[in-house]
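**Q** One structure coming up, written as structure tokens, with questions to follow.
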Amino acid sequence: MARELNVIQPSSSGGSDACTYMWACAICDENESCQKDKEGHSRWLVAKRMERIEYKVLIMSNKGGVGKSTCTTNLAVSLALKGWHVGICDMDIHGPNIPKMVGAEGQKLKISTSGGIIPFQAYNLKIASMSFLLQNPDDPIIWRDAYKYEFINQLLGGVEWQDLNFLFIDLPPGTGNESVTTIDLLGNVSGAVIITTPQEVALLDSRKSVTFCKDSEVPIIGIVENMSGLECPHCHKDIEVFRKGGGEASANDMGVPFLGRIPLDPDVVMQSDAGEPFAMFNSDTATAECYHNIANQIEAFCKKSGSLIKVAPRHAPH
Ligand code: ADP
């Protein structure tokens, strides 16, 4: 019987090398002869979980509030609608918003009989997030880097992701510790999608994300220009709230693919706040078409780059 997980406890062993993942022995064939220390064991566990996932896609931005989590949710939904097994790993420790966007706010994760964390399921997505571990959603997370390292390990290695075609990893804004640690632990990232808005200040930051990916040897799938123009509901004229075209110019400038624009659409806000992913509930609208189109490009990029494993989809993808 699964039991409820309240809080992920950072290791109490301080700087010791002792392995604190004893429960993971249940999925190890070599538990009798295991000589791994804590670091070796946690890396082994992440590798073990990740070897059942065909493609790992990072969603990043250097600036907060540009729509990274909204894009992650809707792009993941688009691929799930096509029939793929999709997961979302919400790595944004300080602003974990994915559960809210899929109507799972206040939910708690459960622990399986083998000790792994069972991801939350919504809209055919498997989701794990810091938000599921908070007693009170208003609590701020004030953690030192060692705790964050432990949490990232748990989210990648502790969660029973099982077989997935795509795992979307929603990174926190910036190029700090969480992003570096995630890339290091994954080892083999299929690619990164960089979200920006069209105005200068966001573009400046998106260029930093491009450089960060290049330096980290993460393939860049492309740049998405979010909040790109608002259609006036009265006269239907395009209002360039955050300007327009900057994302594409920036992509050309940096020599990386441009994946497309998503308009500033008030219905996206309403649906996100209601926990109903826009790309699912308004699937045949022009804005949803933008998400579907970008998701198709992510899929094509991943398939082209190939994977060591093959996971059967839920149904024949269309
Ligand atoms: P980030 O993850 O980059 O911090 P979020 O995804 O949380 O950003 O989005 C910030 C806010 O912008 C949310 O209120 C979200 O609903 C809204 N938003 C995101 N994309 C769009 C869009 N294309 N149109 C309208 N609102 C959007």
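The values are calculated or read from the model by the stated rules, or taken from the named source; none is laboratory data. Just so we're clear, the structure is a prediction, and the values are computed from it rather than from any experiment. Please note: Cβ atoms are built from the backbone with ideal geometry, for glycine as well, and neighbour counts cover all protein chains shown. Ligands, DNA and RNA are excluded from the accessible area calculation, which covers all protein heavy atoms including side chains. Shrake-Rupley method; radii C 1.70, N 1.55, O 1.52, S 1.80 Å.
**Q** Which residues, taken from segment 148-201, are touching a Pro at 6+ places or on another chain (Cβ under 8 Å), in a helix (DSSP H, G or I) and either charged (D, E, K, R) or open to solvent by 20 Å² or more (accessible area, probe 1.4 Å) (or both)?
**A** Those that are touching a Pro at 6+ places or on another chain (Cβ under 8 Å), in a helix (DSSP H, G or I) and either charged (D, E, K, R) or open to solvent by 20 Å² or more (accessible area, probe 1.4 Å) (or both): Glu150, Glu178.
**Q** Taking the condition of being under 17 Å from Phe301 (Cα atoms), free of Cβ contacts under 8 Å to residues at least 40 places away in the same chain and in contact with a helix residue (DSSP H, G or I) (Cβ under 7 Å, 6 or more places away or on another chain), how many residues in segment 209-230 meet it?
**A** 2
**Q** Checking the condition open to solvent by 40 Å² or more (accessible area, probe 1.4 Å), within 16 Å of the ligand (Cβ to nearest atom), among the aliphatic types (A, V, I, L, M) and closer than 25 Å to Asn165 by Cβ, which residue from Met270, Met280 passes?
**A** Answer to the selection: Met280.
**Q** Further question: Kindly establish whether Arg207 is assigned to a strand (DSSP E or B), touching an Asp or Glu at 6+ places or on another chain (Cβ under 8 Å) and open to solvent by 60 Å² or more (accessible area, probe 1.4 Å). I'd like the intermediate steps shown before the answer.
**A** Details: assigned to a strand (DSSP E or B): no; touching an Asp or Glu at 6+ places or on another chain (Cβ under 8 Å): yes; open to solvent by 60 Å² or more (accessible area, probe 1.4 Å): yes.
Here the answer is no, as Arg207 does not meet what is asked.
**Q** Out of the residues in segment 74-105 that are assigned to a loop (DSSP other than H, G, I, E, B) and among the hydrophobic types (A, V, I, L, M, F, W, C), state the one that is surrounded by the most Cβ atoms within 10 Å (Cβ to Cβ). Show your work before the answer.
**A** Filtering segment 74-105 for residues assigned to a loop (DSSP other than H, G, I, E, B) gives 82-85, 91-97, 102-105.
Among the residues that remain, those that are also among the hydrophobic types (A, V, I, L, M, F, W, C) are: 84, 91, 93, 102, 104.
Values: Trp84: 22, Met91: 26, Ile93: 19, Val102: 24, Ala104: 20.
The selected residue is Met91.
**Q** Here's another thing I want to ask about it. Considering segment 46-85 alone, what residues qualify as being closer than 18 Å to Ile117 by Cβ, of a type in the set (A, V, I, L, M) and in contact with a strand residue (DSSP E or B) (Cβ under 9 Å, 6 or more places away or on another chain)?
**A** Met50, Ile53
**Q** Still on this structure, please answer the following. Need the failing condition index for Arg243 against (1) free of Cβ contacts under 8 Å to residues at least 60 places away in the same chain; (2) under 20 Å from Ser69 (Cα atoms); (3) part of a loop (DSSP other than H, G, I, E, B), just the number.
**A** (2)
**Q** Further, regarding this structure: For a quick check of your reading of the model, give me the residue pairs whose first member lies in segment 304-315 and is open to solvent by 70 Å² or more (accessible area, probe 1.4 Å), whose second is modelled with pLDDT under 90, with beta-carbon atoms closer than 9 Å and at least 6 apart or on different chains.
**A** Leu308/Asn188
**Q** Could you run through segment 69-96 and say how many residues are at pLDDT below 95, under 11 Å from the mean Cα position of the chain (by Cα) and either near the ligand (Cβ under 9 Å from one of its atoms) or closer than 24 Å to Ser228 by Cβ (or both)?
**A** Residues that pass the stated criteria total 1.
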